[in-house]
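Contents: one structure, followed by commentary.
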Amino acid sequence: MIRLCIAENEALVREGLRRVLELDSELAVAGEARDAEEALAVVREARPDVVLLDMRMPRGGGLRVLGELGRDSSAPPCLVLTTFDDADALLGAARAGARGYLLKDVTAEELGKAIRCLAAGGNWFKPSLTEGVLRGLGSMRDGEGTPRNGVPHLHHPDEPLTQREREVVRMMAGGYSNREIGSALGVAERTVKNHVSSILAKLGVRDRTRAVLKALEKRLF
């Protein structure tokens, strides 16, 4: 049995989530919260296995919950559920320590899979983020493109990515290889390599992980 806490300020959304989750015999709602303060108290008392977290709540919001739980090594993982489909929100949640990120229009099946994944120690981000990208987010200062080790990224005059390059970098974020990207887009692997080289040059970075990080920061997908 996976025990859950729902932190959501809208009563109808909380009730809807609880009803959906109760249809799964392996999931149990151990607590509910309407704001950040209440969420922290409920998590400490109920000790759930996974927290379903809304980012826009009163009294501090989801970022406060993530920040405070992040200081407790025994705290449960947080799966962010949001109505906002934007890279900046995803980036902020991942940096703050969220282990998963889904839109609230997610299917019950995918929500169940995400919960089980987090309970087992994994990550579940949609759009997908690779482990390398997640590690890179953790090593960066908030709001900056420079790693904490002080080594700056290569600089390059801003040049917009083409639509095809945006598609490629989005798939790079999901961990797809050049061959897999080529197959999905219907182009040769060599063409994908050329796109990747162009992306690295335009973003002024040395490798694929930094390219994805920079694309997230610039909200390119």
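The values are calculated or read from the model by the stated rules, or taken from the named source; none is laboratory data. These numbers come from a predicted model, not from an experiment. So basically every Cβ, Gly included, is an ideal-geometry build from the backbone, and we count neighbours across all protein chains shown. When the accessible area is computed, the model is the full protein with side chains, heavy atoms only, and any ligands, DNA or RNA have been set aside. Shrake-Rupley method; radii C 1.70, N 1.55, O 1.52, S 1.80 Å.
Does the stretch 180-219 come out rounded, prolate or oblate, given a ≥ b ≥ c as the square roots of the eigenvalues of its C-alpha gyration tensor, rounded meaning a/c under 1.5 and, failing that, prolate meaning a/b above b/c?
On the way: a/c = 2.75, a/b = 1.84, b/c = 1.49.
Note, shape of the stretch 180-219 comes out prolate.
Just to check, using Stokes-Einstein with a Kirkwood Rh over alpha carbon pairs, what's the diffusion coefficient of the stretch 1-46 at 25 °C and 0.890 mPa s in µm²/s?
230 µm²/s
What accessible area, in Å² to the nearest ten, does a 1.4 Å probe give for Met172?
About 10 Å², ignoring ligands and nucleic acids.
Nearest 20 debye, what's the magnitude of the dipole of the stretch 162-221 about its Cα centre given +1 on Lys and Arg Cβ and -1 on Asp and Glu Cβ?
Dipole of the stretch 162-221, to the nearest 20 debye: 180 debye.
Just subtract the alpha-carbon distance of Asp207 and Lys126 from 0.36 nm times their residue separation and send over the number in nm, one decimal.
Result: 27.0 nm gained on full extension.
Equivalent ellipsoid semi-axes for the stretch 154-221, as square roots of 5 times the alpha carbon gyration tensor eigenvalues: give them largest first, rounded to whole Å.
19, 12, 10
Percent of Cα-Cα pairs per 5 Å bin, from 0 to the last occupied bin, for the stretch 8-123, please list those.
Answer for the stretch 8-123: a P(r) of 2, 12, 24, 28, 23, 10, 1, 0 percent.
For the stretch 10-64, with the dipole built from +1 on Lys and Arg beta-carbon atoms and -1 on Asp and Glu ones, taken about the Cα centre, which of Val42, Gly60, Leu21 lies farthest toward the positive end?
It is Gly60.
With +1 on each Lys and Arg Cβ and -1 on each Asp and Glu Cβ, and nothing else charged, work out how big the dipole of the stretch 1-107 is about its Cα centre, in Debye to the nearest 20. Before the final figure, lay out the partial values.
Numbers: 14 positive and 19 negative charges, 57 e Å.
Roughly 280 debye for the stretch 1-107.
For the stretch 29-95, count the residues as N, evaluate 2.2 N^0.38 Å, and divide the Cα radius of gyration by that value, please. All intermediate terms of the calculation are to be shown ahead of the outcome.
Values: Rg = 11.3 Å, N = 67, 2.2 N^0.38 = 10.9 Å.
Here the answer is 1.04, to two decimals.
Which lysines does Lys126 reach when only Cα atoms under 20 Å apart count, and residues fewer than 8 places away in its own chain are ignored?
Lys104, Lys113, Lys214, Lys218
Using the beta-carbon distance between Ser183 and Glu109 and R0 = 35 Å, what value does 1/(1 + (r/R0)^6) give for FRET efficiency, to the nearest 0.05? Each step should come with its number before you reach the end.
On the way: r = 26 Å, r/R0 = 0.73.
For Ser183 and Glu109, the calculated efficiency is 0.85.
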